[in-house]
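First comes the structure, then the notes that go with it.
The values are calculated or read from the model by the stated rules, or taken from the named source; none is laboratory data. Keep in mind that this is a model prediction, so the values were computed, not measured. Please note: Cβ atoms are built from the backbone with ideal geometry, for glycine as well, and neighbour counts cover all protein chains shown.
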Amino acid sequence: MRSITTATKDKNTEKDGSSSAPEMEGSETAGGGETVPDEKAVIAPLVLPAMGPVKIPIPERETWTRQMDFIMSCVGFAVGLGNVWRFPYLCYKNGGGVFLIPYLLIVFVGGIPVFFLEIALGQFMKQGGIAAWNIAPLFKGLGFASMVIVFFCNTYYIMILVWGLYYLVHSFTNTLPWATCGHPWNTKECTEVFLVDQCSNETTTNSTNSSILYNISCDALLNKRSPVIEFWERKVLQISSGLHEPGELNWQMILCLLATWIIVYFCIWKGVKSTGKVVYFTALFPYVVLIVLLAHGVTLPGALDGIVYYLKPNWSKLAEAQVWIDAGTQIFFSYAIGLGALTALGSYNRFHNNCYRFMDDIARMIGYRPLPYMKWCWSVITPLVCVGIFLFHVVNYQPLTYNKTYVYPWWGEAIGWGLALASMLCIPLTVVCKLLRSKGSLRERWHHLTTPVWGNHHLEYLTPEAETKLLPPDSLVTLSMEKATLFETVI
């Protein structure tokens, strides 16, 4: 959506703020009926006959009630259910405690700088993930790409919440259904014997509270399946034999999916005012879960051995590229980098909120220039880290498998690549389309499409030198001093 803002040099209008006209779709029409494309917002001003003092109220973007609401929103977005299981698994997989070395290194050279960069971009432009790229319209494809990624992420991540709700509902039973065998979804390979010292003749109790004698060798135990795994695969997922067999709809899962979307809707339906309150629960609850799981885990038999095995450094893992890939991807996954969400969260900050950042532009917002470390990370170090992670992915690419047993067919891999390219192709396609639709030489098009489209809130804070860029050419000013010059901005 767009509106039109004034940029006259009348001092009274400058103090009162710029004004806007009602939103219009597509492109706007100037006084003579000439259609002005979207990209001509700054270079080709809209001129309308003067109608005296024009004051059209501009709806201001909502802001967080308190700064803590914003902080908790960022924490809640970065720390979710996915990190409860994903980060411990990656530590276990990649050498235990030694995994913290590449993880913390990439946090400081990639995670924190980009995290701050996205928040500062949203706060400075006061726009969401797409419109914020009016700071460089040629690269608005980055905004479209992030929206495609968010769509895919919401599609699959909502299912993680659905599974959590499904397990929560089933946990309100005397005997947990995934703790015992004997259910309709269990197979004859299901066993409740888990420890090696139970391989020989041991007496245990099944779900019917009757004692049975296990006479099973440890070799035979390797072919048995845990009731936990069978509940997950055969009851929750209802896994079929492959992608070629879609399977049947699970009505219980559908109800949980519907309930989850309803909960999500009521968390955000009143904007940042309601979201700012909800995040106090969503941000802190994962930590409560972690503490509870930790307290329960350390009381289990063999907990100390498990902790030592889990954290004992395996220094040879540092020489493996996959360890650094996993560290980088976990940073971008947990910090929600590149999704446009941080930009949207930052856009609800007050303009002068201290989010710490864009050198000169950020200095106008927070009152001082960020550390040179940030500039070097933005311009050199972080891009190199991202390119390195991408190249490692390409070089070490292997066909996708499930549980190290099922190899996905070629057409399944093709679908996966199609989903990946759906976001990546947004960037070059948008660049090409905007260059083709613009007029003038290639140099003029490039200059025009890399010129920021300022919002009305910038007029108060821009320096006089930068503010003159918003004024109409002298030829238009001398044409009629009684005409109000209106410029397009994105709200």
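Observations, loosely collected:
- Remark: residue 166 matches the filter, which requires a residue to be within 30 Å of residue 336 (Cα to Cα), crowded, with 16+ Cβ neighbours inside 10 Å and out of contact with any Leu (no Cβ under 9 Å at 6 or more places or on another chain).
- Scanning the stretch 277-331 for residues that are outside any helix (DSSP H, G or I) and surrounded by 12 or more Cβ atoms within 10 Å (Cβ to Cβ) returns 313, 314, 320.
- The requirement of being of a type in the set (S, T, N, Q) and under 30 Å from residue 266 (Cα atoms) is satisfied by residue 354.
- Residue within the stretch 14-31 that is touching a Gly at 6+ places or on another chain (Cβ under 6 Å), surrounded by fewer than 18 Cβ atoms within 10 Å (Cβ to Cβ) and either modelled with pLDDT under 70 or under 30 Å from residue 286 (Cβ atoms) (or both) present: no
Per-residue answers, yes or no, for (1) of a type in the set (D, E, K, R); (2) under 21 Å from residue 365 (Cα atoms); (3) free of Cβ contacts under 8 Å to residues at least 24 places away in the same chain:
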{"residue": "108", "(1), (2), (3)": "no, no, yes"}
{"residue": "120", "(1), (2), (3)": "no, yes, no"}
{"residue": "123", "(1), (2), (3)": "no, yes, no"}
{"residue": "128", "(1), (2), (3)": "no, yes, no"}
{"residue": "143", "(1), (2), (3)": "no, no, no"}
{"residue": "146", "(1), (2), (3)": "no, no, no"}
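- Check on residue 377, at pLDDT 85 or above and within 26 Å of residue 77 (Cβ to Cβ): yes
- Residues (under 23 Å from the mean Cα position of the chain (by Cα) and β-branched (Val, Ile, Thr)) located in the stretch 381-399: 381, 382, 385, 387, 389, 394
- Once the stretch 74-96 is narrowed to residues that are closer than 23 Å to residue 284 by Cα and not in a helix (DSSP H, G or I), the residue that is modelled with the lowest pLDDT is 80.
- Matching entry among 277, 224, 270, 312 (being touching a strand residue (DSSP E or B) at 6+ places or on another chain (Cβ under 9 Å) and of a type in the set (Lys, Arg)): 224
- Exactly one residue out of 284, 257, 249, 290 is of a type outside the set (D, E, K, R) and more than 25 Å from residue 83 (Cβ to Cβ): that is 249.
- Test for residue 229: is it at pLDDT 90 or above and not assigned by TED's automatic domain parsing to the domain that holds residue 74: yes
- Selected residue (only one of 274, 241 is polar (S, T, N, Q) and exposed (fewer than 11 other Cβ atoms within 10 Å of the Cβ)): 241
A quick yes/no check of all residues on (1) over 26 Å from residue 126 (Cβ atoms); (2) in a helix (DSSP H, G or I); (3) in the same structural domain as residue 125 (by TED's automatic domain parsing); (4) at pLDDT 90 or above:
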| site | (1), (2), (3), (4) |
| --- | --- |
| 418 | yes, yes, yes, yes |
| 427 | no, yes, yes, yes |
| 436 | yes, yes, no, yes |
| 448 | no, yes, no, yes |
| 462 | no, no, no, no |
| 469 | no, yes, no, no |
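- Pick from the stretch 244-260, criterion surrounded by 13 or more Cβ atoms within 10 Å (Cβ to Cβ) and out of contact with any Phe, Trp or Tyr (no Cβ under 8 Å at 6 or more places or on another chain), ranking: modelled with the lowest pLDDT: 250
- Residues within the stretch 368-378 that are part of a helix (DSSP H, G or I) and over 22 Å from the mean Cα position of the chain (by Cα), tallied: 4
- Test: residue in the stretch 362-378 that is more than 30 Å from residue 64 (Cβ to Cβ), assigned by TED's automatic domain parsing to the domain that holds residue 274, of a type outside the set (Val, Ile, Thr) and surrounded by fewer than 21 Cβ atoms within 10 Å (Cβ to Cβ): yes
- Any hit, the stretch 477-485, residues being under 27 Å from residue 151 (Cβ atoms) and either at pLDDT 90 or above or not in a helix (DSSP H, G or I) (or both): no
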